[in-house]
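The values are calculated or read from the model by the stated rules, or taken from the named source; none is laboratory data. Computed from a predicted model, the values in this text were never measured in an experiment. Ideal geometry is used to build each Cβ from the backbone, glycine not excepted, and the neighbour counts take in all protein chains shown. We work out accessible area using only protein heavy atoms, side chains counted, and drop any ligands, DNA or RNA first. Shrake-Rupley method; radii C 1.70, N 1.55, O 1.52, S 1.80 Å.
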Amino acid sequence: KKNLLINNIKNDLKRMNQLITDISNFTRLKAEIELEKNEYIKLSNFFEEIPEIFSNNNKKIRLIFKKHEEDFEILGNKNKLIQVFINIIDNSISLSPKGSKILIQLDKENEKFISIRFYDQGKGIDLKDSEKIFERFYSDRQENIKNHTGLGLSIAREIIEHMNGSISVDKSNKSDYPGACFLITLPVKQ
């Protein structure tokens, strides 16, 4: 019983440490967003950098990028946008079966906005929770809770809104990707 109690305490300490780290990062991020300068980012170049980050994921999940024929430029902070992609893709990987795929598709919404959709083959998100999942500390995970504090999507929304865009959960329109579908909309350089 003593060893079980010690192991439980160690696990709780790890979880609290992760939570404190995430809260600290969230607070720092809010300050950085206000101070850092935005620049024009070419999305075709940006998209080429992302797969390398996830090339060795432990679930052997493959990322597929579908670019638009036009090379769009958006105004934003490249490092923060990478963080948004990491947060969304990490969530998709954690909730998707081994060996599945994640599709990231860039489209033109209209003359002023582009959309980036993230489709996965996981269990999906109940649309009634589509706003809750962006709240700080929200998580509906039963398993693997120790690695997720519920701040990733809240951080992603903070970054995207600072870039004058929006992020939401959308219903997947692809039968090959019945899981979650995240939609990011961003203004393009005119």
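The number of residues in the stretch 113-123 being open to solvent by 20 Å² or more (accessible area, probe 1.4 Å) and under 19 Å from Phe134 (Cβ atoms) comes to 2.
Scan the stretch 155-190 for residues that are touching a helix residue (DSSP H, G or I) at 6+ places or on another chain (Cβ under 6 Å) and among the polar types (S, T, N, Q) and the total you get is 0.
Ser44 meets the conditions (1) out of contact with any helix residue (DSSP H, G or I) (no Cβ under 9 Å at 6 or more places or on another chain); (2) not aliphatic (A, V, I, L, M); (3) not in a helix (DSSP H, G or I) in every case but one. The failed one is (3). Quick check on my filter: what residues within the stretch 171-186 are surrounded by 15 or more Cβ atoms within 10 Å (Cβ to Cβ), of a type in the set (Gly, Ala, Ser) and either free of Cβ contacts under 8 Å to residues at least 40 places away in the same chain or within 20 Å of Lys108 (Cα to Cα) (or both)? Answer for the stretch 171-186, where residues must be surrounded by 15 or more Cβ atoms within 10 Å (Cβ to Cβ), of a type in the set (Gly, Ala, Ser) and either free of Cβ contacts under 8 Å to residues at least 40 places away in the same chain or within 20 Å of Lys108 (Cα to Cα) (or both): just Ser172. If the condition is being at pLDDT 90 or above and open to solvent by 30 Å² or more (accessible area, probe 1.4 Å), then the stretch 154-170 contributes Arg157, Glu161, Asn164, Ser166, Ser168, Asp170. Just one of (1) under 24 Å from Ile133 (Cβ atoms); (2) part of a helix (DSSP H, G or I); (3) without any contact (Cβ under 8 Å) to a residue 12 or more places away in the chain fails for Asn58. It is (2).
Yes or no, residue by residue, for (1) of a type in the set (Asp, Glu); (2) assigned to a strand (DSSP E or B); (3) crowded, with 19+ Cβ neighbours inside 10 Å:
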| site | (1), (2), (3) |
| --- | --- |
| Asp90 | yes, no, no |
| Ser94 | no, no, no |
| Asp107 | yes, yes, no |
| Glu111 | yes, no, no |
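Within the stretch 149-169, the set of residues being closer than 22 Å to Glu70 by Cβ and in a loop (DSSP other than H, G, I, E, B) comprises Met163, Asn164, Gly165.
Within the stretch 42-53, being open to solvent by 20 Å² or more (accessible area, probe 1.4 Å) and closer than 15 Å to Ser92 by Cβ holds for Pro51, Ile53. Taking the condition farther than 24 Å from Ile74 by Cβ, modelled with pLDDT under 90 and either open to solvent by 70 Å² or more (accessible area, probe 1.4 Å) or small (Gly, Ala, Ser) (or both), does Lys189 pass? Against the criterion (farther than 24 Å from Ile74 by Cβ, modelled with pLDDT under 90 and either open to solvent by 70 Å² or more (accessible area, probe 1.4 Å) or small (Gly, Ala, Ser) (or both)), Lys189 does not qualify.
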